[in-house]
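Take a look at the structure below.
Laboratory data are not the source of any read-out in this text; all were calculated from the coordinates shown. This structure is a prediction, so every number in the text was calculated from the model and none was measured. Quick reminder, even Gly has a Cβ in these numbers, built from the backbone with ideal geometry, and neighbours come from all protein chains shown.
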Amino acid sequence: MIYKYVGHELNVDLWESKESLKKSFYTDFYNFIKNNNGDADLNAHNIKCAEDFINFADFYAGGMENCYAMGFAFHKYFLLNRMDGSLNNEPETTFIGWCVRNNKYLDFINFLITFFAWWRNDEGCTCMDPYNYADNFFVGSWAALVDTSKLFYYTAETVHFWQSYRVKYAIDNIPGTFLSNLPKEGLPKIRVAGYEFLGWYNSESDDAKPAKLTDEVAYAKLKRHDFYDYWGKEEKKIEKVYIKDWKKVDPA
């Protein structure tokens, strides 16, 4: 039996696991750096292939802690540092901009922007009042890349005890990642983070009937039910007081 997902595709917006998403995301990031005159930076850290690059995103890589090595070495390729940054105006000369222009990882990146804000608030980086913009993904490329690596490194069980429940939940529930094994036979129930599984059907049409074990193709219908909207709701409640030294919260 062939398994298909109505309106979705594996390795595009559905992922076999968090680990498979990590490998794909960092492999594309590695290739982006190579294709944008980054060989010298890769060689400086003895990175010869995508696997080396993925390993460099580890917590203790480069003789540092906290995934800092990845941030210091490659943040300039990740995104621009600016107050008015957004997915709509991020240039294709950065990896995030390239992803947006090529319709790659869009759901993940939108999730990442809010996850980053939650993480930074839990760390106390924003201080709330005065508001120093440290929860804005586009303001600091170093912090954005470091915390992306932390997202992939930690699980809900290993993350700092003081992190909020929403961060612990989000770490293990990146939208589009399977929380159950990919189906290989039969018509098993599946679990995909951020989605409700509505069942297997014999076609992708609206009037499709439930699939049978004798069908050659089974179509899974998934309904998105879990959205992260920090900037549409929570951020507006923060009292903003501008201070010129806000950037000092990021080592880079």
Angle between the chain longest axis and helix 141-153 axis [Cα atoms, degrees, rounded to 10]: 40
Cut-off under 5 Å, modelled amide H: who pairs with THR177 long-range: TRP15, ALA193
Residues CYS125, CYS99, CYS67, sorted so that the one with the fewest Cβ neighbours within 10 Å comes first: CYS125, CYS99, CYS67
Relative contact order of the stretch 17-176, pairs being alpha-carbon contacts under 8 Å that are 6 or more residues apart, as %: 22
Helix axis angle, 68-78 relative to the chain longest principal axis, alpha carbon, degrees: 80
Nearest-ten-degree value, helix 106-123 long axis tilted from longest Cα axis of the chain: 50
Residues TRP15, TRP162 arranged by fewest to most Cβ contacts within 10 Å: TRP162, TRP15
Among the listed pairs LYS184/LYS212; LYS22/LYS48; LYS23/LYS48; LYS18/LYS212, those beyond 22 Å (Cα-Cα): LYS18/LYS212
Residue (of THR126, THR158, ASN89) at the positive-pole extreme of the stretch 17-176, dipole from beta-carbon charges: ASN89
About the Cα centre, charge dipole magnitude for the chain (Lys/Arg +1, Asp/Glu -1 at Cβ), debye: 180
Proxy reagent accessibility, fewest Cβ within 10 Å first, across ARG101, ARG82: ARG101, ARG82
Alpha-carbon Rg/Rh ratio, for the chain, with Rh computed the Kirkwood way: 1.01
